[in-house]
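See structure below.
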Amino acid sequence: MRRIALFVEGRTELHFVQRLLEELAGKKNVVVETRKIVGGASVPRRTLILEAASVVGDEKYYVLIFDCGGDHQVKTRIMEEHQGLTQAGYSKILGIRDVRPDFTLAEIPRLAMGLRSHIRTSLAPVDFILCAMEIEAWFLAESSHYQRIDPRISSEAIYLSLGFHPGNDDLALRPTPASDLNACYRLGGKNYEKGAIDTVNALDFGEVFLTLPPRIPYLQKLVEHLEEFLTLHPAA
């Protein structure tokens, strides 16, 4: 069984990555386990199982997703787990985090360089996916999902009311995508909150992994990593 580990900053990213993997691989082919790492420094570090893996058939791929509890923890948690995951046979490790609020769009190259520093290249390969400025920019760009949140929300209504077009504009340039997404939902009398499963479930994942990547370089990078993982023949 081929193995990959992903470290994400919070519950929103966890739900999104889990759904993306299941859609790419097919649920019958992938086993997903989710965990949350808490503590460290002044509080004892613990790993909590959120959803235990259940191998029920001949699944080919095993995915372990860690909720790190904050973007600043993603690299730290990877460094803590890197050797153990390598020894356990994981072929790749990915870290996914937002850029804001600690960095600006212009500071992304510096952030990316800092994330790569001190990662042990003798162990399983590690790469980082940056959501500019937040993962909600990816949700904003999937313009078909608004109608599933509320029929009153459309790309045209968003453009007329808020001044940007989800299907056309470069949404990585939006400084606060989560606030933008909430403003879009308010057009239909709804609210967006981080961690909301309803938004992830409303996304058209065909659009997410086929149409959006050319518009969103880091999403394209994530999809390419996952497709490579799922394409290579799994070990017995």
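The values are calculated or read from the model by the stated rules, or taken from the named source; none is laboratory data. From a predicted model like this one, the values you see are computed outputs, not experimental measurements. Note that each Cβ is placed from the backbone with ideal geometry, even for glycine, and that neighbours are counted across all protein chains shown.
The set of residues from the stretch 140-157 being part of a helix (DSSP H, G or I), loosely packed, with under 15 Cβ neighbours inside 10 Å and not charged (D, E, K, R) comprises Gln147, Ala157. Taking the criterion of being among the small types (Gly, Ala, Ser) and within 18 Å of Asp98 (Cβ to Cβ), the residues of the stretch 184-199 that qualify are Gly195, Ala196.
Limited to the stretch 21-44, what total is found for residues that are closer than 16 Å to Phe7 by Cα and either in a loop (DSSP other than H, G, I, E, B) or basic (Lys, Arg) (or both)? The number of residues fulfilling the criteria is 2. Does Leu105 meet the test of being crowded, with 17+ Cβ neighbours inside 10 Å and either of a type in the set (Val, Ile, Thr) or not assigned by TED's automatic domain parsing to the domain that holds Ala183 (or both)? Spelling it out, it is not the case that Leu105 is crowded, with 17+ Cβ neighbours inside 10 Å and either of a type in the set (Val, Ile, Thr) or not assigned by TED's automatic domain parsing to the domain that holds Ala183 (or both). What's the total number of residues in the stretch 179-206 that are surrounded by fewer than 15 Cβ atoms within 10 Å (Cβ to Cβ) and of a type in the set (Asp, Glu)? So the answer is 2. If the condition is being closer than 18 Å to His82 by Cβ and either in contact with a Pro (Cβ under 7 Å, 6 or more places away or on another chain) or in a helix (DSSP H, G or I) (or both), then the stretch 94-111 contributes no residue at all. Checked against (1) closer than 16 Å to Met133 by Cα; (2) crowded, with 18+ Cβ neighbours inside 10 Å, Gln220 meets all criteria but (2).
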